[in-house]
Protein chains: 2
Amino acid sequence: MPPARVANIFANLSAVTSGEVFENLAEAGNVRIERIVSNGGATPEGEWYDQEWDEWVLLLAGSAGMLMEGEGEARSLKPGDYLMIPARCRHRVAWTAPEERTVWLAVHIGG
Amino acid sequence: MPPARVANIFANLSAVTSGEVFENLAEAGNVRIERIVSNGGATPEGEWYDQEWDEWVLLLAGSAGMLMEGEGEARSLKPGDYLMIPARCRHRVAWTAPEERTVWLAVHIGG
């Protein structure tokens with residue numbers, strides 16, 4: 001199989017005008033690599049992500065607050081920050097930067 | 001399992017003074033997520049990476065030329081550029097920026 005063509009993860013950010021937009025960048029085996037772009041969006045109040053698979057996230061641009069269930073305060077993330085969210089670790093995006101696009105890379109493993 | 005603590009992928013870049021330095025950031029299932037930092041380094045002349053697993057790479061800082069076997073010219077990569085390198089697709093880093101650190105994220109899938 002030939003290598004995929006080169007694309008840029010910061011392309012077409014301005015098309016995201018509200019909420020969170022999810023886009024698959026690559027899939028291989030049981031792995032899915034995704035871009036998430038937010039324009040001031042957050043997880044809807046009272047909702048949590050609760051996944052059966054591990055997710056590794058890297059914040060690439062903007063900023064965000066990631067709240068883990070059981071933690072009193074959201075973790076504040078800046079560009080370059082990353083963390084592993086294990087399966088079944090309930091979490092939500094409490095806030096993202098209001099005046100710029102926030103861009104995440106998410107690697108979903110074993111979904 | 002609790003979430004991993006937050007770390008930053010751009011930490012300690014100045015410690016890389018020559019060549020290419022590889023560091024595992026996370027492992028889960030059959031996936032390994034790695035940071036590669038280069039200070040003007042390249043794959044040694046005449047050597048190729050030839051892996052039995054897929055590798056998805058994202059250039060985060062600096063710049064690089066990625067040569068795929070059978071292609072006449074290296075693909076020039078800038079921050080945000082990504083591509084999937086399928087298993088057995090022989091490739092090498094022809095060059096990286098001489099005057100700054102080049103930082104890659106590599107997701108090794110099924111190794």
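The values are calculated or read from the model by the stated rules, or taken from the named source; none is laboratory data. All figures in this text were calculated on a predicted structure; none of them were measured in a lab. Neighbour counts run over all protein chains shown; Cβ positions are idealised from the backbone, glycine included. Surface areas here come from the heavy atoms of the whole protein model, side chains and all, with no ligands, DNA or RNA. Shrake-Rupley method; radii C 1.70, N 1.55, O 1.52, S 1.80 Å.
Okay, residues lined up against (1) closer than 23 Å to B:ALA15 by Cβ; (2) open to solvent by 30 Å² or more (accessible area, probe 1.4 Å):
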| residue | (1), (2) |
| --- | --- |
| B:VAL57 | yes, no |
| B:GLU73 | no, yes |
| B:MET84 | no, no |
| B:ARG92 | no, no |
| B:ILE109 | no, no |
**Message:** Can you say whether A:ALA7 is over 14 Å from the mean Cα position of the chain (by Cα) and of a type in the set (Gly, Ala, Ser), as far as the supplied structure shows?
**Reply:** yes
**Asked** Restricting the first residue to region A:26-40 and requiring it to be more than 9 Å from chain B (Cβ to nearest Cβ) and at positive phi, which pairs with a second residue that is of a type outside the set (A, V, I, L, M, F, W, C) and open to solvent by 40 Å² or more (accessible area, probe 1.4 Å) meet a Cβ separation below 6 Å and a spacing of at least six or different chains?
**Response** A:GLY40/A:PRO98
**Message:** Which of the numbered conditions does B:TRP48 fail, given that it passes all the others? Conditions: (1) within 10 Å of another protein chain (Cβ to nearest Cβ); (2) surrounded by fewer than 18 Cβ atoms within 10 Å (Cβ to Cβ); (3) among the hydrophobic types (A, V, I, L, M, F, W, C); (4) out of contact with any Phe, Trp or Tyr (no Cβ under 6 Å at 6 or more places or on another chain).
**Reply:** (1)
**Total residues in region A:86-111, condition within 12 Å of chain B (Cβ to nearest Cβ) and in a loop (DSSP other than H, G, I, E, B)** = 7
**Request:** Looking for whichever is at the interface with another protein chain (Cβ under 7 Å from one of its Cβ atoms) and touching a Ser or Thr at 6+ places or on another chain (Cβ under 9 Å) here; the options are A:LEU83, A:LEU77, A:LEU67. Which one fits?
**Result:** A:LEU77
**Total residues in region A:1-21, condition modelled with pLDDT of 95 or more and more than 7 Å from chain B (Cβ to nearest Cβ)** = 1
